[in-house]
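The values are calculated or read from the model by the stated rules, or taken from the named source; none is laboratory data. Just so it is clear, the structure is predicted and the values come from calculations on it, not from any experiment. All Cβ positions, glycine included, derive from the backbone under ideal geometry; neighbour counts span all protein chains shown.
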Amino acid sequence: MFDPLLEDKNDPLSHFRKKFLIPQKDGKEQIYFLGNSLGLQPASTPAYINEILAQWSQYGVEGFFMGDSPWVNYHNKLTQPLSCITGALPHEIVVMNHLTINLHLMLASFYRPDNKRFKIICESNAFPSDQYMLETQVKHHGLNPAETIIEVHPREGEVTIRTEDIAAVIEKNADALALVLWGAVNYYTGQLFDLPAITAMAHKAGARVGFDLAHAIGNVHLDLHPWNIDFACWCSYKYLNSGPGGIAGAYIHERYHTDTSMPRLAGWWGHNKATRFIMKKGFDPVHSAEGWQVSTPPVILMAIHKAALDIFMEAGMENLLKKGSMLSDYLIYLFREINKNAGKEIIEILTPLSKGCQISLRVKNNPKQIFEELMENGIFADWREPDVIRVAPVPLYNTFTEVYNFSEVMKKLTA
Ligand SMILES: *Cc1c(COP(=O)(O)O)cnc(C)c1O
């Protein structure tokens with residue numbers, strides 16, 4: 001018998017919950033299963049922000065070069081932890097902008113359609129911002145999205161997409177394929193895709209490949225560099241707890257860093273550091289992912305990011321991944337029991353075994369009403385039309401007892 005109280009007691013990460021501000025109602029901590037949407041605030045965040053404010057008040061603009069952590073190099077403190085989290089080399093990471101903006105910047109470099117190669121393959125039901133990004137990129141090149149963007153769908157009657165079906169579409173379009181752009185973990189189903197396999201298939205077809213890691217970073221095992229991925233982008237406000245609209249990041253494989261023929265949309269923060277402030281004509285990119293940086297870094301957002309990343313490093317990515325999959329496996333187990341005891345499938349589990357922390361549940365009867373009652377019961381979950389409830393028990397602050405209590409509430413509501 002799996003005893004949630006005992007599991008929590010023996011959990012080597014249990015003390016990390018204290019480091020986060022858990023939402024409360026009537027003095028009672030709520031069950032927050034929305035770390036996949038906006039990760040909770042570390043209690044240490046204000047101190048990190050205040051350090052920047054103090055430096056600003058003391059040095060003014062000289063804060064870029066003075067003080068304990070000069071702003072001009074502040075991003076260096078972020079690339080090391082992000083390298084552990086993503087499996088990229090530190091110089092393959094640049095912390096900048098926001099996710100959709102970075103996807104546009106990456107496509108400016110990596111999507112160069114010509115008469116022969118112009119098609120893009122992506123998942124069906126991708127996150128809307130990614131769909132709009134692709135649609136407008138294609139139009140920006142004067143192409144027709146309907147003839148250019150090819151979506152791979154789940155089979156009739158299935159919810160997730162099979163790797164062999166992705167392979168078949170890539171092979172079929174190999175001659176005209178320019179780019180594969182894929183969400184590493186699908187936001188709706190929670191399906192984790194086989195990134196190294198998709199990368200190898202795209203490269204074999206002669207195309208480039210990039211991943212959107214919004215739902216993958218800080219949530220699943222990543223090895224971007226060894227997997228030979230060309231580029232990837234992510235946001236930091238979901239599993240990485242770095243605040244609403246927090247600063248995002250991108251990975252660019254090192255083989256592109258010195259390729260000056262590669263087009264890019266540049267700004268002065270991507271320019272050679274030795275001559276950046278001489279302010280002369282002629283763009284000379286930094287020979288690392290930083291060469292894609294455009295604007296003055298928002299140091300306060302970086303400080304918020306650092307507060308969270310320091311906690312990730314303290315906990316250790318391996319430990320977090322292990323507990324994360326234990327939590328979500330336990331949740332799946334409990335819902336299978338509910339179905340078993342009911343003698344029928346009253347709650348369909350959409351998320352396959354290959355996953356991170358997010359579990360997507362399709363409730364067969366009165367889903368919207370049940371979702372609203374979850375909120376009444378102090379459970380933060382996420383509603384997706386028409387009938388899906390998404391929950392993400394995350395390893396830094398969620399507990400096995402919360403997963404158990406959630407399943408007990410759902411059992412009552414669906415009875
Ligand atoms: C959350 C999310 C986004 C959001 O993009 P922003 O530019 O940060 O607003 C985009 N794509 C995916 C797949 C997401 O999950």
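What the table below lists for this structure:
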quantity	calculated
Meets criteria (surrounded by 12 or more Cβ atoms within 10 Å (Cβ to Cβ), farther than 19 Å from F406 by Cα, assigned by TED's automatic domain parsing to the domain that holds Y397 and hydrophobic (A, V, I, L, M, F, W, C)) for F64	no
Single match in S69, S37, S109, S129 (criterion: among the polar types (S, T, N, Q) and modelled with pLDDT under 95)	S69
Failed criterion for T258 (all others in (1) at negative phi; (2) touching a residue at least 40 places away in the same chain (Cβ under 8 Å) hold)	(2)
Check on I338, surrounded by fewer than 23 Cβ atoms within 10 Å (Cβ to Cβ), closer than 30 Å to N73 by Cβ and among the β-branched types (V, I, T)	no
Residues located in the stretch 98-146, provided they are within 16 Å of the ligand (Cβ to nearest atom), of a type in the set (D, E, K, R) and buried (at least 18 other Cβ atoms within 10 Å of the Cβ)	E123, D130
Members of the stretch 243-260 found to be polar (S, T, N, Q) and either within 12 Å of the ligand (Cβ to nearest atom) or outside any loop (DSSP other than H, G, I, E, B) (or both), listed by number	none
Output for the stretch 218-237, where each listed residue is within 10 Å of the ligand (Cβ to nearest atom) and either in a loop (DSSP other than H, G, I, E, B) or over 13 Å from the mean Cα position of the chain (by Cα) (or both)	C235, S236, Y237
Enumeration of residues in the stretch 13-30 that are in contact with a Ser or Thr (Cβ under 9 Å, 6 or more places away or on another chain) and β-branched (V, I, T)	none
Only one of I349, I359, I379 that is surrounded by fewer than 22 Cβ atoms within 10 Å (Cβ to Cβ), within 29 Å of L309 (Cβ to Cβ) and aliphatic (A, V, I, L, M)	I379
Meets criteria (away from the ligand (no atom under 13 Å from the Cβ) and under 25 Å from V220 (Cα atoms)) for I149	no
Single residue of L240, L321, L309 found to be surrounded by 14 or more Cβ atoms within 10 Å (Cβ to Cβ) and within 16 Å of the ligand (Cβ to nearest atom)	L240
Given (1) surrounded by fewer than 19 Cβ atoms within 10 Å (Cβ to Cβ); (2) touching a residue at least 12 places away in the same chain (Cβ under 8 Å); (3) under 20 Å from S129 (Cβ atoms), index of the condition A197 fails	(3)
